[in-house]
Structures are given as C-alpha cells and as structure tokens.
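Working notes, structure below.
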Amino acid sequence: MSQWQDTMEALVRDRQRALVGYAYLVCADSTMAQDLVQEALVKTFSRSRGPMTVPAAEAYVRRAIATVYIDGYRREQRWRKVQHLFRPEAVEPDRIAAIDAGTGVQEAIAALPPRERTCIVLRYFDDLTVRQIAEHLGLATGTVKRYLSDALDRLELTLGPLDDERDPLDAPESEEVR
C-alpha cells in the first residue's frame, strides 16, 4: 500500500467518529454529516499532497468538511434564486384536449389543403386576425377569408357543426376581426 492509503486508513479507523461529530456540528444533520465526511475524504485524498501524518490529514479533512458544506449551501442559495426560471409556466387549458380524442380533430385539420390548414392554425391556434394572417402570408384579406371559409366548411363536413360564437368572416371589412 502507498503512504496516502495508509494515512487514510488510519484516519478513518481512529478518527471517523470525531470527524462525523465535527461534520454534525457544522450541518446539524447526521446523514448529511456522514456525506460531508465522505466528500471531504475524497477531496483530501484524491490529490497528491505528498506524505502526511494522521493529524495533518485530519486537519485537511476538517477544512474540507467546512468547505464542502459552505459550497453546498451557496449552491443551494443560487439555485433558489433561479429555480423559478426552470419551472414550466402555468399553461392555459388546451382547447383541443377538451374535445374527445375520438373526434379526429387533428386528422381533420391534417386533411385540409396546406393554405387552408395554415390559415386555420394561424386564426384559431395563434389567435391572429384576418388582417394579421394576410400580412403574415402575403395574401389579400379576401383570400384569407375565402381559405378560412372553405376550411371551416370542410371541417364541419368531417366533424359536424362547429360552435363558434361569431363567425370571423361576417365582420365588416373596416372592422378588424379578433
């Protein structure tokens, strides 16, 4: 065995209770104290420090216990300040999820021609107005209205009557539909 292994073995055999007691004083949790001692031993003996006596190794380990605890505490404090950034935001209820999965809404939308499908998605899922859709796609507002009308007709054939409070296509031309 090498010198450091002999030193570590003697330290753990003779001073383990004292080290765990010291770690307990630092963190006030017996399980965490044992973990701190283990991490401190790894930290101390994973680097080549040359020959050490048991009292010198114990001093290194005690210092490492305090350092590991303080580093963990600081890491926890930093995490508490930013953890809200990693939580998912409250999501509004999905309108599609409210519809029974057997109705085939997704299949019905997928069956629409590409321009009609795009207009439907922009209107009802992105909540854009007819004018905004026209600008987004580079089309005339009348063309967008025609695509929406045709798409709604096709969807009603597939899904049955659609309950819409106000048809966006019935709004006067000067009023921006929302």
Discussion item. Show the residue pairs meeting these rules: Cβ distance below 6 Å; 6+ apart or different chains; first residue within segment 126-152 and within 22 Å of residue 162 (Cα to Cα); second residue open to solvent by 50 Å² or more (accessible area, probe 1.4 Å) and modelled with pLDDT under 95.
Written reply: 129/176; 129/178; 147/115
Item to complete: Return yes or no: is residue 171 of a type in the set (A, V, I, L, M), open to solvent by less than 80 Å² (accessible area, probe 1.4 Å) and at pLDDT 75 or above?
Response: no
Fill in: Subset of segment 116-159 that is at pLDDT 85 or above and assigned to a loop (DSSP other than H, G, I, E, B) - its residue that is surrounded by the fewest Cβ atoms within 10 Å (Cβ to Cβ)
138
Practice prompt. Take the residues in segment 23-68 that are open to solvent by 70 Å² or more (accessible area, probe 1.4 Å) and aromatic (Phe, Trp, Tyr), then tell me which one is farthest from the chain's Cα centre (by Cα).
Written response: 60
Discussion item. Can you name every one of the helices (runs of 4 or more DSSP H) wholly within segment 1-98 that holds 1 or more residues which are modelled with pLDDT of 90 or more and within 30 Å of residue 126 (Cα to Cα)?
Written reply: none
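The values are calculated or read from the model by the stated rules, or taken from the named source; none is laboratory data. Keep in mind that what you see is a predicted model, and the values were worked out from it rather than measured. So basically every Cβ, Gly included, is an ideal-geometry build from the backbone, and we count neighbours across all protein chains shown. The protein model used for the area step is the full one, side chains on, heavy atoms only, and it has no ligands, DNA or RNA in it. Shrake-Rupley method; radii C 1.70, N 1.55, O 1.52, S 1.80 Å.
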